[in-house]
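Taking it in order: structure first as structure tokens, then the write-up.
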Amino acid sequence: MNGETKLTLIKITHTLIWIFFNAVIFYMLYAAIANKLDRWLWLGYGLIVLEGLILLTFKSHCPLNLLARKYTNSTQDNFDIYLPRWLAKYTKLIYTSIFIIVLIITIYQILN
């Protein structure tokens, strides 16, 4: 398998993981707003914390990002994922902000 094919597989995998985490975070937002503090919400928290620990371990980089670097010299923010450049650049900021909102709403729901 050549480098271009490996990079394509990494980009597809990274994009699918990104889509999965979108489903997780938006379910969490729905559950918090709807006061549906069920096991799926707590599982979502666990997955997000796990993702955060992985990012901390790899110095704020996804391991797939580091793997993709082996197969390209691109400096674009979306070299390792099928997302628009602006979204790839700001995805951590956007989703961290949404997660904080979910956390605040969850705490509010628990206290009321």
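Taken together, the values in this text are just the output of simple stated rules run on the coordinates, not laboratory data. Source: prediction; values computed, not measured. Glycine also receives a Cβ, built like all others from the backbone with ideal geometry; neighbour counts cover every protein chain displayed.
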*Would you please classify the overall shape of segment 6-62 from the alpha carbon gyration tensor, given that a ≥ b ≥ c denote the square roots of the eigenvalues, rounded means a/c under 1.5, and beyond that prolate means a/b larger than b/c while oblate covers the rest?*
oblate
*Ranked list, fewest to most other Cβ atoms within 10 Å of each Cβ, for H14, H61*: H61, H14
_Charges at C-beta only: +1 for Lys and Arg, -1 for Asp and Glu. How large is the resulting dipole of the chain about its Cα centre, in Debye rounded to 20?_
180 debye
_Links that overshoot a 32 Å alpha carbon limit, given the list K36/K70; K11/K36; K36/K92; K36/K59_ = K36/K70; K11/K36; K36/K59
*Helix-only [θ]222 nm of the chain, DSSP H runs n ≥ 4, -39500 (n - 2.57) each, per residue, nearest 500*: -26000 deg cm²/dmol
*asked:* Suppose a student asked you for the relative contact order of the chain, using Cα pairs under 8 Å spaced at least 6 residues apart; what percent would you report?
replied: 39 percent
*So which trypsin sites (Lys or Arg not before Pro) in segment 52-112 pass both tests, a DSSP loop state and at most 13 other Cβ atoms within 10 Å of the Cβ?*
K59, K70
*Theoretical gain in end-to-end length, N2 to I54 [0.36 nm per residue, Cα-Cα removed]*: 16.0 nm
_Compute a Gaussian network model of the chain, connecting alpha carbons closer than 10 Å, and tell me which residue from N73, N35, N65 fluctuates the most._
N73
*By how many degrees, 0 to 90 and rounded to 10, does the Cα axis of helix 85-111 deviate from the longest principal axis of the chain?*
20 degrees
